[in-house]
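The values are calculated or read from the model by the stated rules, or taken from the named source; none is laboratory data. Keep in mind the model is a prediction, meaning the values are calculated, not measured. Methodologically, a virtual Cβ is constructed for each residue, glycine included, from the backbone with ideal geometry; neighbour enumeration extends over all protein chains shown.
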Amino acid sequence: MDLLDTLTAKGLRGEVPTREEALAVLATTDDELLDVVAAAGKVRRRWFGRRVKLNYLVNLKSGLCPEDCNYCSQRLGSKAEILKYTWLKPDQAAEAARAGVAGGAKRVCLVASGRGPTDRDIDRVTDTMAAIQEADPEVEICVCLGLLSDNQAERLKAAGADAYNHNLNTSEKTYGDITTTHTYADRVDTVKKAHGAGLSACSGLIAGMGESDEDLVDVVFALRELGSDSVPVNFLIPFEGTPLAKEWNLTPQRCLRILAMVRFVNPDTEVRIAGGREVHLRSMQPLGLHLANSIFLGDYLTSEGQAGQTDLDMIKDAGFEVEGAGEATLPRHRADVAAASSAASACGTAASACGSGGGCGPCGGHAHAPASEDTAASAAEDADASDGELRSDLVKVRLRGAGTELAPNA
Ligand code: SF4
C-alpha cells in the first residue's frame with residue numbers, strides 16, 4: 001500500500017505526514033488494519049524500541065469541579081457516582097504514589113479537579129512533591145491542575161515538577177461544543193506557560209465524543225505544532241450521569257487507527273494510551289502497544305483500570321519491556337530540544353512557540369459531517385460495529401486507592 005510505505009518512510013526519518021495522509025489513515029478499512037499497525041509499529045520501534053513507559057495517576061482532589069466539560073465525571077452537575085474528596089494530604093498522596101512506583105511506574109501524575117490552582121494550591125502540591133521525592137528521588141512528576149496563572153508554572157518547576165499536563169482534547173472549532181466555561185485558547189495558553197517555564201509539556205486528546213476525522217487530525221497537528229513531548233490519547237469513557245453517557249461510538253479497530261495516525265504525526269513523541277484503554281480496546285490492547293510507547297498503570301482518576309499485574313503481564317506477553325528509571329524516554333534529538341527550552345527559560349529568555357496541553361480528563365463531542373466518501377465509509381463501518389450497543393457495564397467507578405481506605409491498584 002503506497003500510503004503506508006510513504007508514511008513509514010517519513011516516520012523513520014522523523015518527518016510529519018500531510019494532513020491528507022493522516023486523514024487517509026483514519027479512512028482505512030478493517031481489512032487493512034494489521035498493515036496499518038505494522039507500518040506505524042516500525043515507526044514506534046525506530047524511536048522507542050520495545051520500551052513501554054508506565055505512568056501512575058494520583059487524584060489529589062476528586063469531583064466537585066465548577067467547570068462544565070461534557071466528557072468529565074467530575075464536572076459541574078455530574079450525577080456520576082464517583083469518589084468526591086478535597087485535597088489529599090502530602091503523606092496520603094505519597095503513599096499512593098509509592099504503590100505506583102513499586103508497581104513499575106516511572107512517572108507519577110498528580111491531578112486535581114478544578115478550573116485552576118490558587119497559589120495556596122501550588123503550596124500544597126509543592127509539599128506533596130517533596131513527600132514523594134523524599135521517598136523516591138528518581139521518580140518523574142507530572143502535575144495537572146488546570147489553567148495556570150502567571151508564575152505558577154515557574155513555581156512548580158522550581159519545586160521539582162518535571163512536566164505539566166493540560167490536554168487540548170479536541171479541535172479548536174469543536175471545543176465550544178464540549179465546554180463553555182473556558183476556551184481552547186485558554187488551554188493553549190496554559191500549555192505555553194508550562195513549556196515556557198521549562199516543564200516538559202504533556203498534552204493530548206480525547207476521541208469518541210462524536211468528533212469528525214478532521215477534528216481528530218486538527219487536534220493532533222495542533223499538538224505537534226505546540227511541541228508536546230507527550231501525547232496522551234484518551235478514549236471517551238461515557239460515564240452514566242454525564243452529558244456524553246450515550247456516546248458509545250468507538251470500536252477497537254477505530255481506536256487502533258487513531259493511535260496509528262497519532263504515531264505517524266508524532267513519530268518521535270511519547271504517545272500514551274490513556275483513559276478508556278480497557279473500555280474500548282478491550283482484547284485488542286496488546287496491538288496498541290505496537291503504536292504507543294506509554295500507558296497508565298492500574299486505575300484512572302475516577303474509573304478502575306485492569307489490575308496492575310495484568311498490565312505488566314500484557315506488556316511481557318506482547319514482547320515489550322517496561323522502561324526503566326534510568327532510560328531516557330524521548331529520542332536524543334527531542335530530549336535536547338526539551339533541555340534547550342528549559343535552559344532558555346532558566347536564563348530568562350522569552351518562551352518559545354512550543355508548549356503542550358494538559359488537562360484533567362477525557363471528553364465527548366458532537367457529530368460532524370465526514371470529510372470524504374472514504375472517510376464516510378470508514379465511519380459507517382465503525383458505526384455498524386457498535387450499532388446501538390451500550391456497554392456501560394464496562395465502566396467501573398474507582399472505589400479504591402487515593403481518597404479511600406483501600407489499597408491502590410498498581
Ligand atoms: S476536565 Fe478538569 S476542568 Fe473539566 S470538568 Fe473535569 S476536572 Fe473540571
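β-branched (V, I, T), under 17 Å from the mean Cα position of the chain (by Cα) and surrounded by fewer than 23 Cβ atoms within 10 Å (Cβ to Cβ): which single residue out of V188, V231 fits that description?
V188
For region 307-329, enumerate the residues that are buried (at least 18 other Cβ atoms within 10 Å of the Cβ) and assigned to a loop (DSSP other than H, G, I, E, B).
F320, E323, T329
Check L64, L76 and return the single one that is in contact (Cβ under 8 Å) with a residue 12 or more places away in the chain, within 29 Å of A207 (Cα to Cα), touching a Ser or Thr at 6+ places or on another chain (Cβ under 7 Å) and surrounded by fewer than 16 Cβ atoms within 10 Å (Cβ to Cβ).
L64
Of the residues Y85, Y71, only one is among the aromatic types (F, W, Y) and farther than 19 Å from A245 by Cα; which?
Y85 is the lone residue from the list that is among the aromatic types (F, W, Y) and farther than 19 Å from A245 by Cα.
Scan region 161-214 for residues that are touching an Asp or Glu at 6+ places or on another chain (Cβ under 8 Å) and aromatic (F, W, Y) and jot them down.
Scanning region 161-214 gives a single hit, Y184.
Quick check on my filter: what residues within region 132-170 are on the phi > 0 side of the Ramachandran plot, surrounded by fewer than 24 Cβ atoms within 10 Å (Cβ to Cβ) and touching a strand residue (DSSP E or B) at 6+ places or on another chain (Cβ under 9 Å)?
Matches in region 132-170: G146, G160.
Let me spell it out: the conditions are (1) touching a residue at least 60 places away in the same chain (Cβ under 8 Å); (2) within 20 Å of the chain's Cα centre (by Cα); (3) within 30 Å of L110 (Cβ to Cβ), and E81 meets all of them except one. Which number is the exception?
E81 satisfies every listed condition except (2).
When the residues of region 216-242 are filtered to those that are among the acidic types (D, E) and assigned to a loop (DSSP other than H, G, I, E, B), which remaining residue is farthest from D177 (Cα to Cα)?
By that ranking, first place goes to D229.
For the condition more than 20 Å from G196 (Cα to Cα), of a type outside the set (A, V, I, L, M, F, W, C) and modelled with pLDDT of 95 or more, what is the one hit in D162, D150, D136, D91?
D91
Could you check how many residues of region 19-43 are surrounded by 13 or more Cβ atoms within 10 Å (Cβ to Cβ) and under 22 Å from S212 (Cα atoms)?
16
So A39 fits all but one of (1) within 16 Å of the ligand (Cβ to nearest atom); (2) at negative phi; what number is the exception?
(1)
For region 79-118, name all the residues that are away from the ligand (no atom under 11 Å from the Cβ), assigned to a loop (DSSP other than H, G, I, E, B), of a type outside the set (A, V, I, L, M, F, W, C) and buried (at least 19 other Cβ atoms within 10 Å of the Cβ).
Scanning region 79-118 gives G103, G104, K106, P117.
I need every pair where a residue in region 189-204 that is of a type in the set (D, E) has its Cβ under 9 Å from the Cβ of a residue that is buried (at least 24 other Cβ atoms within 10 Å of the Cβ), sequence separation at least 6 or different chains.
D189/L148; D189/G355
Would you check which residues across region 166-215 are more than 15 Å from the ligand (Cβ to nearest atom), of a type in the set (A, V, I, L, M, F, W, C) and part of a strand (DSSP E or B) and list them?
Selection gives A201, A207.
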